[in-house]
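Everything below concerns the one structure shown next.
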Amino acid sequence: MNRKKILFLPLFLLLFSCPNDDDMPTEEETLIDVTYDVLFWEFTPDTGNNTARLQYEIEFFNPNNIDINGFYKITQNADGLETSLLSTNLSLCYLIEANSSCTFSFDEEDSLELAMINSIEFISAEYIIEEQ
């Protein structure tokens, strides 16, 4: 009789135990792409101080109901040469809270002795969401 009880107990626990929330399948939420708005873009080829200056502000919008982590890529064209600025996990806007925005600002001056650039134009911005 004791033997039957020993065999019955694990079977009973297996059949009637509550499922663990970690074992329950979770429905993966499809994330909506982050959008952006160029708030300001200005290139000054000669500031009068023997420098050229590039200034801009780009706002990224997270339309999702969850916080996201990710990386941005800003592409520009400087006198026919396309270049991109890539962010890191230490950059501003790596984390964008749910249903909110983050603004990235850039303001740099470079000596005209390095190179003479006539124009820098905005091409695109992209935000790549890191897998959760």
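Please treat every number below as a calculation from the coordinates, not as lab data. What you see is a predicted model, and the numbers here were worked out from it, not measured in a lab. Methodologically, a virtual Cβ is constructed for each residue, glycine included, from the backbone with ideal geometry; neighbour enumeration extends over all protein chains shown.
Which condition breaks for L114 when tested against (1) in contact (Cβ under 8 Å) with a residue 12 or more places away in the chain; (2) more than 18 Å from N62 (Cβ to Cβ)?
Tallying (1) in contact (Cβ under 8 Å) with a residue 12 or more places away in the chain; (2) more than 18 Å from N62 (Cβ to Cβ), L114 fails exactly one: (1).
Name every residue in region 30-62 that is within 16 Å of the chain's Cα centre (by Cα), in contact (Cβ under 8 Å) with a residue 60 or more places away in the chain and assigned to a loop (DSSP other than H, G, I, E, B), in order of residue number.
L31, D33, V34
So I128 clears everything in (1) more than 17 Å from E42 (Cα to Cα); (2) assigned to a strand (DSSP E or B); (3) without any contact (Cβ under 8 Å) to a residue 24 or more places away in the chain except one condition, right? Which one?
The single condition I128 does not satisfy is (3).
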